[in-house]
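Contents: one structure, followed by commentary.
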């Protein structure tokens, strides 16, 4: 039997363990930095949370002030989200209204006929109907003036963009639409004073109802 010295066994084992498969597996420096940063951040957050939890015993007033501030921030964020959802819903409601106005304008009537319709509807207390008729009359009057180009299916927004090529007409048409939309489609009952304001603004654009 061959006797092997202890030193030779130790040297052989050292050579084996020096191989790559027995060596320590190290990450790429970039990945190692990410891992180290993650552990550092996690430790920092854990320490802050523990410190905050101790405040309830060591400084209860500060603890509850922080809780109150965090609660207000949460409520503010929630209110912002709700407001954004409401505005988005209102925007969706305006789309069918715009299509309704565009579709109604397809009726082949002269501006004079639309103005007569507006007067008759207003006399009967049907102010929403009167506002729609006056809108059609105004668009056709602006077409006659060359400020816009009437085309069936165009929306009020498209006419507004066209009218802005003329500073005076664009400003007056903007004012007309600001009164028209709430009067024709608003959630509340039509206001006679709003109707008179609409008529006055329409007159500046060449349409008289």
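Please go through segment 115-130 and pick out each residue that is under 21 Å from residue 145 (Cα atoms) and within 36 Å of the chain's Cα centre (by Cα). Selection gives 118 alone. Among residues of segment 147-160 that are on the phi < 0 side of the Ramachandran plot, those with a Cβ under 8 angstrom from a residue that is assigned to a loop (DSSP other than H, G, I, E, B), sequence gap 6+ or separate chain, pair up as 147/165; 147/166; 150/105; 152/105; 152/106; 154/105; 159/148.
Pairs needed: first member in segment 32-53, free of Cβ contacts under 8 Å to residues at least 12 places away in the same chain; second member anywhere, loosely packed, with under 10 Cβ neighbours inside 10 Å; C-beta distance under 7 Å; at least 6 residues apart or different chains. Sorted first by the residue in segment 32-53, then by its partner, the list stays empty.
Those residues that are over 17 Å from residue 126 (Cβ atoms) and in contact (Cβ under 8 Å) with a residue 24 or more places away in the chain, I need them from segment 161-180; list them, please. Residues satisfying the conditions are 169, 172, 173, 175, 176. Exactly one residue among 98, 84 is closer than 30 Å to residue 158 by Cβ, at pLDDT below 65 and surrounded by 10 or more Cβ atoms within 10 Å (Cβ to Cβ), and that residue is 98.
The values are calculated or read from the model by the stated rules, or taken from the named source; none is laboratory data. This one's a predicted model, so the numbers in the text were calculated from it and none came from an experiment. We place every Cβ from the backbone using ideal geometry, glycine too, and count neighbours over all the protein chains shown.
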